[in-house]
Ligand SMILES: Nc1ncnc2c1ncn2[C@@H]1O[C@H](COP(=O)(O)OP(=O)(O)OP(=O)(O)O)[C@@H](O)[C@H]1O
Ligand SMILES: [Mg+2]
């Protein structure tokens, strides 16, 4: 039987790489298992280490469509699952009652009519469940929602079904590949965790980061890439408010290209520090600790 997702950990690593996402062994293995076991994958880790990108890369690598539920405080069922299109329902009720049509539609008929597919607004969770084609469902930044949303997720993640009282139960004909991401700003419930495979993503080692930067910034000199990653690694060792992420390394590389810099010396680091450090206090600390000549 060929799987919709990956054949093995090596297959996952290779196809994700071809899709522009460079994994370590643990990530490739977990991505393979999430597909093979049809279990949601919870990815936790600091900002900018590739949590969201992993879900996108799985979609690219497997030719699946990405359905994304962006979580935030106050996200509710109506935004996550479905809601009824009240305005349209109202119009239909008014139309049914219009005397000019001489309509004698009973309330029961109208009621049956307005709680149908035509009046349903599907939101990401329901959309993902109903799709017949391969789907990656990304539930992004799940730690930002209120705990109640986890209850919703539980129904979806454990049975891959959604009950709509007026329409019945919708069961997935094909389970989506589910990725939940979290910055661990709060603990998720044990019930949610129990249903997921867990992957902790952290900053990559220097070699993989060089590879990521070089692959995303064509034309970057190998030596500059090595210098850049070296500084980024040192910056991450400092106690900063916000350590530079992979995204910042990539931005930095693009900056150096734009400035046509062929050697990342200390003066250049000091001059372009704003690309990687976004707090004044972090910049001051870096200048002091890395003994850079400021300004
Ligand atoms: N393994 C990787 N291979 C290639 N590019 C990567 C990889 N990891 C991260 N990136 C790059 O880093 C960028 C940031 O990653 P992403 O947005 O996924 O971070 P995140 O972990 O979701 O961060 P946040 O918690 O802030 O949402 C991506 O746009 C991608 O370009
Ligand atoms: Mg993200």
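Please list the equivalent ellipsoid semi-axes of the chain, computed as the square roots of five times the alpha-carbon gyration tensor eigenvalues, in descending order and whole angstrom. Equivalent-ellipsoid dimensions as semi-axes: 47, 23, 17 Å. Normalised by residue count, region 206-289 yields a Cα convex hull volume of 79 Å³ per residue.
Taking the fewest neighbouring Cβ atoms within 10 Å as the starting point, the ordered list for 39, 278 is 278, 39. Once the Cα atoms of helix 51-62 and of the chain are each reduced to a long axis, what angle between those two axes, in degrees from 0 to 90 to the nearest 10, is obtained? Helix 51-62 and the main axis of the chain meet at about 70 degrees.
Principal-axis analysis of the Cα atoms of the chain puts helix 206-216 at an angle of about 60° to the longest axis. Highest mean first, the peptides 174-180, 109-115 sorted by other C-beta atoms within 10 Å per residue fall in the order 174-180, 109-115.
Relative to the longest principal axis of the Cα atoms of the chain, the long axis of helix 86-97 makes an angle of roughly 20 degrees.
When each of the peptides 231-241, 62-72, 163-173 is scored by the mean number of other C-beta atoms lying within 10 Å of its residues, the order from highest to lowest reads 62-72, 231-241, 163-173. Of the peptides 144-155, 243-254, 84-95, the order by per-residue mean of other Cβ atoms within 10 Å, starting with the highest, comes out as 243-254, 144-155, 84-95.
Which shape class applies to region 120-164: rounded if a/c is under 1.5, otherwise prolate when a/b exceeds b/c and oblate if not, where a ≥ b ≥ c are the square roots of the Cα gyration tensor eigenvalues? Prolate, since a/c reaches 1.5 and a/b exceeds b/c.
Only helices enter this figure: runs of n ≥ 4 DSSP H residues, each worth -39500 (n - 2.57), summed and divided by the residues of the chain, yield -14000 deg cm²/dmol at 222 nm to the nearest 500. As a proxy for reagent exposure, 220, 138, 290 were ordered by neighbouring Cβ count within 10 angstrom, fewest first; the result is 290, 220, 138.
Counting other Cβ atoms within 10 Å as a rough exposure proxy, the listed residues 257, 129 run 257, 129 from fewest neighbours to most.
Throughout, read-outs are computed from the coordinates displayed, never taken from laboratory work. The model shown is predicted, which means the values in this text are computed figures rather than measured ones. FYI the Cβ positions are ideal-geometry reconstructions off the backbone, even for glycines, and counts take in every protein chain you see.
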